[in-house]
Structure formats: structure tokens, C-alpha cells
Amino acid sequence: MKQFSNTIFNKEILDKEHEKSFLLDFSNDMTAVRSREDLAIVVNKALRKLNPDGGYVIRKINEDGATMSAYLYNTGASAFDPALLEQVLAEKYPINDGLQNRILDSAVPLLFNVRIELQRGYNLSYLDLWENMGFKTMVGIALRNGNTNIGLLWLSIDEINIPILQGICSQIAIAMGNIMANEDIFRRQAEQELMLGFSSDITGVKTKSDLEIVTSKTLERLFNTRISVLYLLDTDQVTLRPYLYDRQFFQETEVAENEAFYSLNINEEHVKLVFESSQPVLLDIDENLEAKCLKLSIQRELSGFNRVYASALRLGEQKLGMVWMLGDQVSGPILQGICAQISTAVSNVLANEQILRLQKQLEDENHYLKQQLNKDFEEIVGGGEAMQQVYRLISLVAESNATVLLLGETGTGKELIAKAVHHTSARKDKLMIKVNCAAMPASLIESELFGHERGAFTGAVERRIGKFELANNSTLFLDEVGEMPMETQVKLLRVLQEKEMERVGGKTTIKLNVRIIAATNRDLEAEVKAGRFRSDLYYRLNVFPINLPPLRDRREDIESLAGFFLAKFSKSIGKKTVKLSANALRQLQAYLWPGNVRELEHLIERSVILATDPMIREFFLPQATGATTDEHTMQSDLTLEQVERMHIIQVLRRCGGKISGIGGAAEILGIPGNTIHSKMRKLGITKAEYFAN
């Protein structure tokens, strides 16, 4: 009996020595482990000693904390279905599947019979695989690093040596923790290098194609994916239209032709979800989602991804659009950082596109202006004494930078004189910018002159360059400056005084070098006295005034002007040059011309169109006039009603047909607008008699 006890005792000693020797060898081998591949070699060697024909799989807990994936495996000597094995290894298994959670909660290894577990109703693909491979019993052991579970080991074995398995798993857990930590460090370093490279590349993005190349390259290297589609928010702030999309799935013409179908609405459920989230959103591609977003169903089939990441693009608090990309292993924080830089790049690309459009527009306008340059001078017709005085003043002021104020009645050619001043100045190679101060409502003229920043007011969906900036180092022609609202006059005065401005809604001061040429048919001194025009602005503009004579004061030029217009309009409508009879010329010279040169031009054009032979013998003027010693005096043989009728027509022509309001005929005549309407009906005055088209 004693001898039997000694035998058992000796066997226990030998077993413990064997365990110590086994674990010591395993520990020595583990000291050389630096990578997952190294770990696989050492684990295979050790487990072969325990069960030469058995297989095993080590699973790690994923970052989501709810699933596990294969980390290392060996099928042993068993036969198996390769397709089933590939499927099982690629699958993510829920931790709480009824078996794995029991192992992770246990302090000791647990033994499972594969067939019995299947009979109990555990519908788990890995149990099917093990049965297919011929594994009957499997041991599950938790892998813990300290008190933290990092995974588990499934081992095909019939007899359990708990101390050895616990010793092996303890060292495997430590090695796995170190390897995964190193892998995470290397991954983060690689991501940081890619992000730095992306940051460097994105700063050089100027065009849409540059943006596509840089973002696609970075996303493919980081996440093995690329932009499926990048949407930009339209000016209506409701519609999202495709801007960039994966060209391996779509042709540009296809997207252009079906833009309405591919566009999104900001009120759609999944779109609202993305904009309301501060982080990228992961969505499953279901039937509702794949109907739009550039046929996600097609991309899903070709790429193998079943989910899509969506992230909003913002610039500060402003929504720009959103990015959609296929993928399963996308890092949210990194994607968020990329999208922040994409937002800045998109904003820069859009601004650059706007600048290029403006540059092209300016180049076209400049080219057109140069083509019209000689023509502009040719159209300044007249060699009389009054015009010679105007030419002399132009030659004196052109080379300076002095502000010029062109004064004169409507139709006297103030814009042609402004062009003449500009084209004989040192700024002639630049485009002269024109602003008609009477053609825009008061709410828009400030933005037109000074520009505005994006978001400065409702409807300001993009930055706009004002006319002052466009005219920098050139000339700005302010036509009808007398019509400028008082609040805008204040800002114009500051620009003239300080030579600097700010865009509406902007904070940056912009230095300017702009020459001002202003024009008006109003009496600005009278406007100042009436409180409708600022006196300080008037004195700033009235540096070098040029008064353009009305046509009635330069009758010696009527013949040459008529000849010029006859040749011009005869050529434009394809007629042989029409001439004037002596009687027709006398008619022109006797007329008072309240509409000045513009009225003469339109009369000649109408007469050329109506002419049935090469000679115009008579003009049908609004009223008969005769040459008298006093050209401003009505004919003495007219009735009071005829004189009143003629006077109302002349005043209406001076006002360009305007009846009521500031500068209207009612103000000049000193009677209510309703009274003029009544007199016009009574006297039979029609629009054709006073309105010069």
C-alpha cells in the first residue's frame, strides 16, 4: 500500500515537473514573439504537444465591445468545407451567444460537447463547422490581461490539463495585448502620416478635379473606400445636388441628365439625421436608402459593402453639404477630421470657381471694350464751338486722377464722354466699370457698389465682388448719381475720402485706387438745397465739372450728327445710304430737341426704317417749330391750349416720361400728378409724343 502511494506521489511530481518544463519552454518561446505571425508559430507548436491532431481558434473582442472576430486559428488534421471555414472566420460573433459569454464569465476552462450543444438549439455557425470538421469536444478558456477580457481560446481536445491551459492562456493574453497595442500604435502613426499628407495635399486644391483626386486617394488608403457621392447644398438651402461621385460606377452625362432624381432634399429623414449629428453616421443600405444616393444598390453589389457612412460638411455653423461613402471599418473621428478639411477645400474651390468666372467675364468685357474703343470715339460727333470746349476739357483732365462730374440734360452723351475720358487716361488698358444708380432699388445698390460677404443678408448665398473692387486701378462711372439714396451717399463719401471700403457684412478693410467719373441730368446744387443730396458729397464729386451742351445750343452739329446716324442705320438694316432733303434738314435745325442727341438718333432710326426711297424729304416731329430770333420762344401764332400742350410735352421729354415723384414732370411744373394726367387726356397727349425709346 505504501509502495502504491509512493508511485502515485512520484507520478504527481513527474506531472508537475512536466507541466513546469512545458510552460518554461512555452515561456522561453514567447519571449521572441513580436507580431501576430510570431505568436501563431509559438501557439501552434505548444498546442500540437497537447493534441497533435486537434485544431483551435483564438478570438479577440472587437472595438465595439459586443462582438468577437478570429485572431489566430489552426484546423489541425481534420477535413473541412473550405467555403464554410472562410465564412465562419470572416464572421463577427456576438459575445452574448450563450457559449462565449459563459466562458468569459468563468474563472476556469469550460468543456463543451459539440453535438449536445447543437441539440440544445444553439444555432451557431461555428458549431456547424466544428461538427463538419469532426471535432467532438471543445474547451473554451478566457484570455485575460489583468482583469480585462481581451478574447478567448477554443481548443479541440478530449482531456483538460487545467494548469497548463491556464498558463498558456495567461501568456497568450499578455502577448496579444502587447501585439494589439503595438498594432494600434503603428496604425495610428500610419493614420497620422496619411492625415498630414492629406492636410498638405488639400492646401494645394484649387479645382474640383484636384479635390476628387486628393480625397479619393486618402480615403482608399485609410479605409479601403472612396467617396460614393459628395452633395452640395443649393442656393435654395433645401436641395442637395451631386458635386463629386465615384466615376467607376457612373458617367458624368448620366448624372447630369438625371440630376433631379439623384438630388436629395434636406427634409428627408436620413438627410436630417446626418445634419443633426455632430459625428459621421453609419447607415445600412436598405430599400429606402438605395433608391437615391447615386444608386447605392449598384455600388453595394460591386464593392461588397452593405453599409454607408454619411458625414455633414460644415464651414463654422454654415451647412455646405454632405459626403456619402461605402465602408464597414471607417474610423469616425478620423473621418470627421477629413470632412472638416474637405469642407474648407470645397469652400475654396467654389470661391476659386467664382473668381475664375468673374475673371473670364472681365476678360470678355475688356476684349469687347477694346473692340468698341475706336467706335466709341467715332460716335462723338460734332465740331462746333460748344463741343470744342468739351474736347479741350477732356484733354486737360484725362491724364490726371481727378474726379470728373458730367452735367447735362438727358440724351447729351454723358456716357460717351466718360468713355473718352477713360480711354485717353493712363488707365485705358483696364475695363471701365459702369453703375447706373437709378436702375437699382435702394436695397441693392449698396451691395452692387461695395459687394457683400456670404450670409451678410437673406439671399447672400455666396461672396460677391462689388463694382468698386472690380474697378480697382481703373475707372468707375457712376451714371445718374443724383438718384443715389442718402444712406448710400454716406458710404460713397467715405470711399472717396479714405480710398478704402468694406464689403457688406465684412470686417476686412480693402484699399482702393479708383478714379470716379459721375454723371447726372439733375441740378445737384438745387438737390443739395432741397436736402436730397449731401453737400459734402457734391463738393467731392464736383472737382472737375464738364457741362455737356444740349443739342439746341449746338445746332451747327445737327447736320453732321444726322449724316452719321443716317449712314449707321442704313448700313445696319441693309439699305443704300439714305440722304436728307434741304427741307428735312431745316426741320431738324428748327426743332428744340428736348431729348437732345438721343432723340435725334431715334428719330433718324425710325425714319430710315420707314423710308421708301433714298431721300428723306420730311420729318413728322411732335410739333411744328420755326426758326426765330429767340430759339427758346414758342411761336406767337399758337393758341394758349397749343402752347400748354407743347410745354407739357417738352417737360415730359426732359423727365424721360416720368410724371410723378422726384424729378418728375409734376414736380417741375409745380402741379399734382393727377392734374397732369387730366390735362394730358384733355389735350390728347400720347406716350409716343414724349417718350423717347
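All conditions but one from (1) in a helix (DSSP H, G or I); (2) in contact with an Asp or Glu (Cβ under 8 Å, 6 or more places away or on another chain); (3) closer than 28 Å to Ala66 by Cβ apply to Ser228; the one that does not is (1). In segment 563-578, of all residues being modelled with pLDDT of 85 or more and in contact with a helix residue (DSSP H, G or I) (Cβ under 7 Å, 6 or more places away or on another chain), the one that is farthest from Val608 (Cα to Cα) corresponds to Phe565. Out of Leu449, Leu444, Leu478, Leu431, one residue alone is hydrophobic (A, V, I, L, M, F, W, C), assigned to a strand (DSSP E or B) and closer than 25 Å to Gln361 by Cα. It is Leu478.
Please enumerate the residues belonging to segment 587-625 that are free of Cβ contacts under 8 Å to residues at least 12 places away in the same chain and either part of a helix (DSSP H, G or I) or buried (at least 17 other Cβ atoms within 10 Å of the Cβ) (or both).
Filtering segment 587-625 down to residues free of Cβ contacts under 8 Å to residues at least 12 places away in the same chain leaves 606, 610, 612-613, 620, 624.
If the condition is that a residue be free of Cβ contacts under 8 Å to residues at least 12 places away in the same chain and either part of a helix (DSSP H, G or I) or buried (at least 17 other Cβ atoms within 10 Å of the Cβ) (or both), then Arg606, Leu610 are the ones that fit.
The single residue among Ala438, Ala420 that is assigned to a helix (DSSP H, G or I) and more than 29 Å from the chain's Cα centre (by Cα) turns out to be Ala420. Here segment 62-90 is the region considered, the condition is being more than 20 Å from Met176 (Cβ to Cβ) and either acidic (Asp, Glu) or outside the structural domain of Ile172 (by TED's automatic domain parsing) (or both), and the residue that is farthest from the chain's Cα centre (by Cα) is Asp81. Scan segment 248-263 and give yes if some residue there is surrounded by 13 or more Cβ atoms within 10 Å (Cβ to Cβ) and at pLDDT 75 or above, otherwise no. Yes, segment 248-263 contains at least one residue that is surrounded by 13 or more Cβ atoms within 10 Å (Cβ to Cβ) and at pLDDT 75 or above. Out of segment 650-665, which residues are part of a helix (DSSP H, G or I) and modelled with pLDDT under 80? Within segment 650-665, Arg653, Arg654 qualify.
Check segment 574-583 and report whether any residue there is farther than 25 Å from Cys655 by Cβ and either in the same structural domain as Met646 (by TED's automatic domain parsing) or under 49 Å from the mean Cα position of the chain (by Cα) (or both). Within segment 574-583 (the criterion being farther than 25 Å from Cys655 by Cβ and either in the same structural domain as Met646 (by TED's automatic domain parsing) or under 49 Å from the mean Cα position of the chain (by Cα) (or both)), the answer is yes, since at least one residue qualifies.
Every residue, every condition in (1) surrounded by fewer than 18 Cβ atoms within 10 Å (Cβ to Cβ); (2) more than 29 Å from the chain's Cα centre (by Cα); (3) within 19 Å of Leu431 (Cβ to Cβ); (4) in contact (Cβ under 8 Å) with a residue 60 or more places away in the chain, yes or no:
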site	(1), (2), (3), (4)
Leu478	no, yes, yes, no
Met486	yes, yes, no, no
Arg503	no, no, no, no
Val514	no, yes, yes, no
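The values are calculated or read from the model by the stated rules, or taken from the named source; none is laboratory data. Being a predicted model, the structure only gives us computed values, none of them experimental. All Cβ positions, glycine included, derive from the backbone under ideal geometry; neighbour counts span all protein chains shown.
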